[in-house]
Amino acid sequence: MKPCSQDRPYLHNFLSDLWSYLTPDIIDKLKDMLVKEFGMKPREAEIFLLDQRLRTAFKGAPTKPTRLPCFPFPSDPPSNPSP
């Protein structure tokens, strides 16, 4: 199976543009959906979304300059939870 940037470059461009327009509140809603619908832990959902964003960003060579997305990197969980 070829990456979408080789087989269908328009799909890669669409996905790259789509991530650029997602706001932090929409990303939080996506994370909540992954937790509720797919049984992921919140941290797993954050990492999954970040991984998908990075995979889209680095596949293929962009033909136009892309905007930087407003995608926050997931914070590390607290090392010792307070009682």
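The values are calculated or read from the model by the stated rules, or taken from the named source; none is laboratory data. Being a predicted model, the structure only gives us computed values, none of them experimental. Backbone-built Cβ (ideal geometry, glycine too); neighbour counts: all protein chains shown.
Restricting the first residue to the stretch 28-44 and requiring it to be outside any helix (DSSP H, G or I), which pairs with a second residue that is hydrophobic (A, V, I, L, M, F, W, C) meet a Cβ separation below 6 Å and a spacing of at least six or different chains?
Final answer for the pair search is Met40/Leu34.
From the list Ser5, Ser75, Ser82, exactly one residue is among the small types (Gly, Ala, Ser), out of contact with any helix residue (DSSP H, G or I) (no Cβ under 9 Å at 6 or more places or on another chain) and modelled with pLDDT under 65. Which is it?
Ser82
One residue is enough: does the stretch 37-54 have a residue meeting the conditions modelled with pLDDT of 85 or more, under 17 Å from the mean Cα position of the chain (by Cα) and of a type in the set (Gly, Ala, Ser)?
yes
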